Amino acid sequence: MKHSSAVKLAAVRHYLAGKAGMDATAAEFRISHTYLCYLINLYRLHGREVLLPAPKRSYAPEFKLHVVLSVQQGTDSLPRVAARYNIPSHTTVKNWVRLYQEKGTNAFRQTTRDREKMMTHPPENDPPMTHEALLEELRYLRAENAYLKAMQEHLLEKKRREREKKRG
């Protein structure tokens, strides 16, 4: 659930003024305990402005790598790291860590623009094919497509039967 900047700021100030504890403040402002901790960390590190609405952000690959490496080397939680680097959600940091674990240091190298170029331009290193070879490949791909559709239908039907079996 999204909260207005006024609610975020009021909740943080309410807690920091000592008017209530963490749980009571979170309940009063209808925000989660974890999110309140995150907001307090943000406020302490970056001041009031950080709680104001911000436009959608994009991050440089080097910055992402730096954040991930600091997560792996430090003892701070993901919300604290997100707050330290002024990243709106610790889930963003979590996704970066997962990408880094899957792809290593090159995880953040490829930009969206690069991916779009790859998708719009077919590889040029494929040898030219004859008309007959193209027709043969088309037949093969159509058969493969039909097989995959049939397999998907089979799996969906199997799931449906399992659900009915559990109900009955």
> If you check every pair at least six apart or on different chains, which have Cβ atoms under 9 Å apart with a residue in the stretch 4-29 that is β-branched (Val, Ile, Thr) first and a residue that is in a loop (DSSP other than H, G, I, E, B) second?
Replying inline: 7/29; 7/30; 7/31; 25/19; 25/31
>> Please go through the stretch 50-61 and give me each residue that is more than 15 Å from the chain's Cα centre (by Cα), modelled with pLDDT under 85 and loosely packed, with under 12 Cβ neighbours inside 10 Å, ordered by number.
In response: 52, 53, 54, 55
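Residue-by-condition table, conditions (1) crowded, with 18+ Cβ neighbours inside 10 Å; (2) not assigned by TED's automatic domain parsing to the domain that holds residue 101:
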residue: 6; (1), (2): no, yes
residue: 11; (1), (2): yes, yes
residue: 20; (1), (2): no, yes
residue: 23; (1), (2): no, yes
residue: 34; (1), (2): no, yes
residue: 43; (1), (2): yes, yes
residue: 46; (1), (2): no, yes
residue: 63; (1), (2): no, no
residue: 66; (1), (2): no, no
> Are any residues in the stretch 72-89 under 16 Å from the mean Cα position of the chain (by Cα) and in a helix (DSSP H, G or I), and if so, which ones?
Replying inline: 78, 79, 81, 82
> Taking the stated definitions as given, is residue 43 among the aromatic types (Phe, Trp, Tyr) and modelled with pLDDT of 95 or more?
Replying inline: no
> Do we have residue 35 as modelled with pLDDT of 95 or more and more than 29 Å from residue 109 (Cβ to Cβ) here?
Replying inline: no
> What about residue 20, is it at pLDDT 85 or above and part of a loop (DSSP other than H, G, I, E, B)?
Replying inline: yes
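The values are calculated or read from the model by the stated rules, or taken from the named source; none is laboratory data. Computed from a prediction, not measured in an experiment: that's the story for all the values here. Glycine gets a Cβ as well: all are built from the backbone with ideal geometry, and neighbour counts include every protein chain shown.
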